1. Working only within region 27-69, note down all residues that are farther than 28 Å from Ile523 by Cα, in a helix (DSSP H, G or I) and either among the charged types (D, E, K, R) or in contact with a strand residue (DSSP E or B) (Cβ under 8 Å, 6 or more places away or on another chain) (or both).
2. As an exercise: evaluate Lys16 against (1) out of contact with any strand residue (DSSP E or B) (no Cβ under 8 Å at 6 or more places or on another chain); (2) at pLDDT 90 or above and give the number of the one condition it does not meet.
3. Are any residues in region 324-335 in contact with a helix residue (DSSP H, G or I) (Cβ under 8 Å, 6 or more places away or on another chain) and surrounded by fewer than 23 Cβ atoms within 10 Å (Cβ to Cβ), and if so, which ones?
4. With region 225-305 as the region, which helices (runs of 4 or more DSSP H) entirely inside it contain at least 3 residues that are touching a Gly at 6+ places or on another chain (Cβ under 8 Å)?
5. Can you confirm whether Asp571 is over 32 Å from the mean Cα position of the chain (by Cα), in contact (Cβ under 8 Å) with a residue 40 or more places away in the chain and either surrounded by 12 or more Cβ atoms within 10 Å (Cβ to Cβ) or closer than 30 Å to Ile621 by Cα (or both)?
6. Looking at (1) touching a strand residue (DSSP E or B) at 6+ places or on another chain (Cβ under 6 Å); (2) of a type in the set (D, E, K, R); (3) surrounded by fewer than 20 Cβ atoms within 10 Å (Cβ to Cβ), which one does Arg590 not meet, given that it meets all the others?
7. Answer yes or no: is there a residue in region 137-159 that is touching a Ser or Thr at 6+ places or on another chain (Cβ under 7 Å) and under 30 Å from Ala469 (Cβ atoms).
8. Can you name the residue in region 128-153 that is among the charged types (D, E, K, R) and touching a helix residue (DSSP H, G or I) at 6+ places or on another chain (Cβ under 6 Å) and is also surrounded by the most Cβ atoms within 10 Å (Cβ to Cβ) among such residues?
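The values are calculated or read from the model by the stated rules, or taken from the named source; none is laboratory data. What you see is a predicted model, and the numbers here were worked out from it, not measured in a lab. FYI the Cβ positions are ideal-geometry reconstructions off the backbone, even for glycines, and counts take in every protein chain you see.
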Amino acid sequence: GEKWARLGIDVDNDFKPLYVVSSDKKEQIKKLKALMKDADTLYLATDKDREGEAIAWHLLEVLSPPGNVEVHRMVFTEITEKAIHAALNDPRELDRKMVDAQEARRMLDRLYGYEISPVLWKKVMPRLSAGRVQSVATRIVVQRERERMAFKAASYWDLEGKFALTRDAAEGEPPDFKAKLLEVDGNRIAQGRDFEQDGSLKGDVIVIDQARAESLVAELTDQPSEVKSVESKPFRRRPAAPFITSTLQQEASRKLNLSSSMAMRAAQALYEKGLITYMRTDSTTLSADALDAARKVITEKYGKEFCPPEARTYNKKTKGAQEAHEAIRPAGAEFASPETVAKECVKSEAQVYELIWQRTIASQMTDATGETVQVRVGVTSTAGTATTFSASGTVITHQGFRKVYIDGDSDDDETGTAALPQVAQGDDLNASELEASGHETQPPSRYTEASLVKKLEELGVGRPSTYAATMGTIEDRGYVWKKGSALVPSFTAFSVINLLEAHFPDLVDYDFTAQMEVDLDGIAEGTGEAIPWLRKFYFGDDNDDGLKEKVDKRLGEIDAAAVNSIPLGVDANGQMVVGRVGRYGPYVQRGDGQPDLDGKPNRASVPDDIPLDELTIGKAIEFIEAPSGDRELGDDPISGKVVLVKNGRFGPYVQLGEIDDDPDGKPKRASIFKSMDPAEVDLETALKLLELPRTIGTHPEDGTEIKVHNGKFGPYLTKESAEEGKKAETRNVPTEEALLTITMDECLVLLKEPKRRGRAEPKPPLKEMGIDPFSGMAMVIKDGRFGPYITDGVANASLQKADTIEEISDERASELLMARRQRAGTLYMEDGVEKWDPPAKKSRKKAPAKKKAAAKKKAPAKKKAPAKKAAAKKSATG
């Protein structure tokens, strides 16, 4: 009954948190306490980061070991025999500063979410959430979409030609090479990089249009040409540093097409199997054992020429990095080969291990070296126009680390282009096969999970342990959806960010959020205190209002219509057209949204999967002037709720009431029959549809209830069993329309007929696909109750918004199935073969026990643990 109970934090009593043991963990706690009765020592061996330290403290609080039990904190970054023995021989005390920092972080996030989320419910839509990191991540994605919406494409043309030697080519020498037009009469021609986002030119360049480009082709073809210059530069590239959490997620996305969460699940499994070191780290450091192991692999597998004289060290640290763990690398003093791991682990784990192995080995190899040559060719047209063409090529003479691994950020041009022929200044060439091509500048690319993680890392927002969860949260909350691998912000995301930017700007300010991370790091390091810091954030000080007062003051100032509006432009009559988020989903509106004098509507629903940068003013007006989507049919005479006809992703349906009328946000809905025209459905018909499933009455012989339903396999009826525990009888109903008119007599006739095997003939697949590499079974796309889905006969996965039946590839289908398997069930190896156990059916959970406040923090040990040894300082050089 306390006013702070909803927060779970007593903000008036030094931010004392309320901790409750989960009901499903009580049995495990009971087992641990029983085991501790016969023990004289308790080792807390949770992960070596803030979360791990906090978990260790919570275990200590819950287990409450008696005074005769010694308590030790042991830490390790790999689950190997050597590492475990070392941790046992050198335990330490629980680090209370780290515990305080993690507790402060959790309370901060809870206060943020529990105060701001209700504002979103009132002003945008129910059941939305806000968060310290998720809201900043959402803002980054929204800001990129705004840039795309403001972008104006520019057109430009260029030329490419083939230039042939006038002499015989030497053995192995190419007789010709391709070059692109660089200058016309001494003026550089524009390329994509020369245009601003609004389509204007940046510098002193000229734009070639189609007519000029085609005339140049005619004037230059077969004209004599001459080499104006040859410039040669040495090429050298260093290997990338070993993986940290964020770079692993980025590369797993680029190279393996794994989401952040999938990559981290695979890494977690590898860590638990003792195959890699701890996977949540900011450090690029490798231990002496790891350096020796890597150099041994390089020498034995690739040769001494690929192993530098000295081990490489990396000192790159991310902004605000925390504990100096090792980089993510293969575990142990000898690295397991990727081939060995592939026999023990499922495919995704084996792929992630190979990536980690390659990156670790490559980080200790020699530089890639070679030569980059640039050739300038002069050609004078038949009209006397002087033109310059340019060609360049890089030849790798020593592959170095590239023999093992190429970073996803590397320039594709550096993979070793074909060598240019040996030419010198003044050499004659012949210009031939000239071709003009037109181009348009492209808007800035949307973020992917990989690039968004990289951006958050650059800004110092979030930490390794939070990146994967943040990606999952913004997608689960409906703030972004994926178009391929690109993250597309929803209308709702725009509304939420509009509100936060306008009324709580500091909460989505990049520097402010990064500073909070720095402050939390300070608490962990002992330079800051948690309670005063939380008090200032929540209650404020003389210089600034705290979160609570900001919410109290600003809630009434928020104009819901304004924050839910996305300006799209002005129509021919000067009326503003906006996109908006409404209680029934996104829509577009012209002017005030009221119908014209002739009754024509000025608002229309839009698909929830249309990207905002594609919703131009022209497209919006098309939606408005098209036949209406959502229609209000009138009010239900019983409940008084409005009845609507809506068009959803899976077809037209009727809905009773508004989303926020229902406590669960799930108003009653019913699909419109396939034979019905949604435009002709009236209130009477809609109410009949909403009555389904409809009770027909009781069976005259045994008094059991008979109902008719519209199910995923078509219309059917059910008759309850007269015997307790037995399933109801079912029969097909001939048509959907019959559901609205069928009588008891007609139901009795159907029940007398023999039951068919299944309620309906199985639908043929929508599309037959290839073989799933995981299961070895054929994949097909089927039409399900909730839309099309891919299946191999065991695992099922819905197609995503950006997936179309016509264009989906076998690789994408396999990816969706694997993602589904990893979300539920168990992947494992048996006799070298990957297998999957579907998830067991969940039993109904009991009501949680009544909450009890946790005791005040205790000292971390009953008996003094061994003194913590001073760690040797490490230095790193690039």
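1. Glu27, Lys30, Lys31, Lys33, Met36
2. It is condition (1) that Lys16 fails.
3. Those that are in contact with a helix residue (DSSP H, G or I) (Cβ under 8 Å, 6 or more places away or on another chain) and surrounded by fewer than 23 Cβ atoms within 10 Å (Cβ to Cβ): Glu326, Gly332, Ala333, Glu334.
4. Because the criterion is at least 3 residues that are touching a Gly at 6+ places or on another chain (Cβ under 8 Å), the helices (runs of 4 or more DSSP H) in region 225-305 that meet it are 245-256.
5. yes
6. All conditions pass for Arg590, except number (3).
7. Yes, the conditions are met somewhere in region 137-159.
8. Looking at residues that are among the charged types (D, E, K, R) and touching a helix residue (DSSP H, G or I) at 6+ places or on another chain (Cβ under 6 Å), I get Glu145.
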